[in-house]
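Enquirer: Take a look at the following structure, please.
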Amino acid sequence: MSSFIVADGCARESKLSAKVMLRESVRRVGPPNNVHIKDLGNLGILEMSWEPPAFINSTSECPVRYEITHQVVNEQRWKSVRIKQLTYRGAFNLEKNATIKMRTYLKGQCTEGNEVWSEWVEANYQVSLQGAPETKVKDFRCINHKYENLKCEWKSGVIGSNDNYELLYWQDGMSQKKMCRKYMTQNEMNTGCDFGSEVFEMFSDLFICVTGIPSMDPIRPSYFILQPQSIGKPGIPENLNLTMDISDELVLSWKEPKGKLPAHCFQYEIQSKNQMDMWQSVANQKESSQYSVKRSETSNTCLRVRGKANIYCADDGYWSDWSPELCWTEPPPELHLMWLYCIAAVITVFTGLCVVACVYTVRKRRQWSKKLQCKAKELAYEIDSGHSLKC
């Protein structure tokens, strides 16, 4: 019995010492080892891989996580993620030096619920850029018309007359990067790409690179990371209708443009025409597809509307063209029914009087005609007594 107690005490001491050693190792947890960065050839996707710290083992009591921070593309803020895996992929602008910072993160029973971090380690990746800086394209811009037809345009940099540009692109789901199939040209120089029927996923990064044709002199590449919904220009709002409701207000209603963008992703701007025949904005609305306005003091009210993706679905975008204007013309004021009866009665009486006057005039004319005929006969009798007088 005593030997069992001693053995049990030794076991407890060994477990206690193991926990003490684990806590000591936690206090001096090391950063990730052998951090590597690999370019996957997708115009901006980099893969990071690393090994666990040399002097710590992951257990159920103390799982190891890694915190990674890097700058968000096209923004000034940094993104931070925590993962268990030993690899991570992120989007980077390959024109700039890609800087990644990492550290080990622990929290669990081994840390008594406290958070413990290692020191930061930093890794960098830089693409070898060929070509002079002035050969890069300028004023690069893309518009996703109705979210169905993407077109990108640019201005030429300083390049030779025999040199030209090519555009490459890639999006998640493509097996490999693709080349533009339909260029827009000016003086035989490629100045844009019409992607035609190419279907792009909304809310997914699209990676684009405009560089020189390999067989020609090197041109400094330009890298862009876009999202199709953030460069979209929707169609004109449809089915516009202007009506008067029971509260004596004008109601302009419409339907969202057809396309891939859901109805809740739109915002609208409404304009009215003032007395100077100038358009002015009267409202900005999110999602709602109708607008009510009190009738103006003037007899006519003209309204129009346009749409754009809102901040909940896109970082940016373009306004659609304005809809045709709809104008409300006030109908003539309605007359009271009694007045209508009075007017009708007056018209009837007046018409009757006119008829009586006409009949009276005709009869008078006939009487005067008979009298004239009789006078004529009397004169004839006086001249020629041989005629008989019959009046």
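Enquirer: Looking at region 129-174, which of its residues are closer than 16 Å to C193 by Cβ and of a type in the set (S, T, N, Q)?
Expert: N144, N149, S156, N164, Q171
Enquirer: Now for a separate question. Only residues that are open to solvent by 30 Å² or more (accessible area, probe 1.4 Å) and farther than 18 Å from G44 by Cα: list them for region 165-184, please.
Expert: Scanning region 165-184 gives R181, K182, Y183, M184.
Enquirer: Can you list residue pairs whose Cβ atoms sit under 9 Å apart, with the first residue in region 103-119 being closer than 24 Å to S49 by Cα and the second being part of a helix (DSSP H, G or I)? Count only pairs 6 or more apart in sequence or on different chains.
Expert: That search, which allows pairs on different chains as well, returns L106/V26; V116/V26; V116/R27; V116/C110.
Conditions (1) open to solvent by less than 70 Å² (accessible area, probe 1.4 Å); (2) of a type outside the set (K, R); (3) modelled with pLDDT under 85, marked per residue:
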position: E269; (1), (2), (3): yes, yes, no
position: D277; (1), (2), (3): no, yes, yes
position: C302; (1), (2), (3): yes, yes, no
position: K308; (1), (2), (3): yes, no, no
position: C313; (1), (2), (3): yes, yes, no
position: T329; (1), (2), (3): no, yes, yes
position: P332; (1), (2), (3): no, yes, yes
position: A345; (1), (2), (3): yes, yes, yes
position: T348; (1), (2), (3): no, yes, yes
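Enquirer: Among S25, S3, S14, which is the only one that is open to solvent by less than 30 Å² (accessible area, probe 1.4 Å), over 29 Å from S230 (Cα atoms), at pLDDT below 90 and assigned to a helix (DSSP H, G or I)? Outline the logic, then answer.
Expert: Values: S3 fails: open to solvent by less than 30 Å² (accessible area, probe 1.4 Å); S14 fails: open to solvent by less than 30 Å² (accessible area, probe 1.4 Å).
Testing whether each residue is open to solvent by less than 30 Å² (accessible area, probe 1.4 Å), over 29 Å from S230 (Cα atoms), at pLDDT below 90 and assigned to a helix (DSSP H, G or I) leaves just S25.
Enquirer: Closer than 18 Å to G44 by Cα and modelled with pLDDT of 95 or more, is that true of L129?
Expert: On the way: closer than 18 Å to G44 by Cα: yes; modelled with pLDDT of 95 or more: no.
It is false that L129 is closer than 18 Å to G44 by Cα and modelled with pLDDT of 95 or more.
Enquirer: Moving to a separate point now. Has region 191-207 got any residue that is open to solvent by 70 Å² or more (accessible area, probe 1.4 Å), modelled with pLDDT of 95 or more and farther than 30 Å from R89 by Cβ? It would help to see each step written out before you state the result.
Expert: Residues of region 191-207 that are open to solvent by 70 Å² or more (accessible area, probe 1.4 Å), as a first pass: 197, 199, 201, 203.
Those still in the list that are modelled with pLDDT of 95 or more too: none.
There is no residue in region 191-207 that is open to solvent by 70 Å² or more (accessible area, probe 1.4 Å), modelled with pLDDT of 95 or more and farther than 30 Å from R89 by Cβ.
Enquirer: Given N162, N187, N241, which one is open to solvent by 50 Å² or more (accessible area, probe 1.4 Å) and more than 30 Å from E134 (Cβ to Cβ)?
Expert: Details: N162 fails: more than 30 Å from E134 (Cβ to Cβ); N187 fails: more than 30 Å from E134 (Cβ to Cβ).
So the residue among N162, N187, N241 that is open to solvent by 50 Å² or more (accessible area, probe 1.4 Å) and more than 30 Å from E134 (Cβ to Cβ) is N241.
Enquirer: Looking at this structure, is W254 in contact with a Pro (Cβ under 9 Å, 6 or more places away or on another chain), open to solvent by less than 40 Å² (accessible area, probe 1.4 Å) and within 19 Å of K233 (Cβ to Cβ)?
Expert: Working: in contact with a Pro (Cβ under 9 Å, 6 or more places away or on another chain): yes; open to solvent by less than 40 Å² (accessible area, probe 1.4 Å): yes; within 19 Å of K233 (Cβ to Cβ): yes.
Here the answer is yes, as W254 does meet what is asked.
Enquirer: Inside region 139-150, can you point out the residues that are surrounded by fewer than 18 Cβ atoms within 10 Å (Cβ to Cβ) and modelled with pLDDT of 95 or more?
Expert: The answer is D139, F140, R141, I143.
Enquirer: Scan (1) farther than 30 Å from D163 by Cβ; (2) within 18 Å of the chain's Cα centre (by Cα); (3) touching a residue at least 40 places away in the same chain (Cβ under 8 Å) for the single condition S288 breaks and write down its number.
Expert: That leaves (3) as the condition not met.
Enquirer: Let me ask something additional. Mind listing just one residue for me: the one in region 282-300 that is within 24 Å of H145 (Cα to Cα) and open to solvent by less than 90 Å² (accessible area, probe 1.4 Å) and, of those, modelled with the highest pLDDT?
Expert: This residue is S289.
The values are calculated or read from the model by the stated rules, or taken from the named source; none is laboratory data. Note that the coordinates shown come from a computational prediction; the quantities given were computed from them, not determined experimentally. All Cβ positions, even for glycine, are placed from backbone atoms using ideal geometry, and neighbour counts span all protein chains on display. Accessible surface areas use protein heavy atoms only, side chains included; no ligands, DNA or RNA. Shrake-Rupley method; radii C 1.70, N 1.55, O 1.52, S 1.80 Å.
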